[in-house]
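Read through the structure below, which is laid out as structure tokens, and then see the notes.
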Amino acid sequence: MNKVTVSRKAHFNAAHRLYRKDWTDAQNEAIFDKCSNPYFHGHNYDLIVSVTGEIDPETGYVMDMKVLKDLIKAHIEDAFDHKNLNEQVPEFASLIPTAENISIVIWEKLRPHIEKNNDLSITLYETSRNYVEFSGPK
Ligand code: NI
């Protein structure tokens, strides 16, 4: 059976700070550089959510893109957009909000809403040149 990947692009702006409380400021700056700025800083995140599966013979769809759009809005954009990830998003209360960790949190928030037989993959751009991908636990 043919499997097709459908993707939806989305966007959110968010602030973060990358640091470990158990490290000194110097250690944090050495590893996280500008992203450890104690006053936080923002990124314009570009998100691509991809769903792979068989085509429903009745609709011709893998997944209704309107449904996918609404899921991203409700679970990701409304939760992350214009937020301070460290301080306002509970998932990052004790998890460093790197692009890697954000991509996993996005995947975990969306996965329960995607049909079991379909695969879900997250691509998250933190800058136009730096991006991460997560397709579930391996
Ligand atoms: Ni940053």
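General observations
- For Lys21, the lysines whose Cα falls under 29 Å of its own Cα, not counting residues fewer than eight places away in the same chain, are Lys34, Lys83, Lys109.
- Accessible area in square angstrom per residue, the range 24-138, 1.4 angstrom probe: 61
- Candidate lysines for bridging to Lys3, where Cα separation is under 18 Å - those fewer than 8 sequence places away on the same chain excluded: Lys116
- Expressed as a whole percent, the accessible surface of the chain that belongs to carbon and sulfur atoms is 49, based on a 1.4 Å probe.
- Solvent-accessible surface (1.4 angstrom probe) belonging to Arg20, in square angstrom, nearest 10: 90
The values are calculated or read from the model by the stated rules, or taken from the named source; none is laboratory data. The structure displayed is predicted, hence computed values, not measured ones. Please note that ligands, DNA and RNA were not included when accessible areas were found on the heavy atoms of the full protein model with its side chains. Shrake-Rupley method; radii C 1.70, N 1.55, O 1.52, S 1.80 Å.
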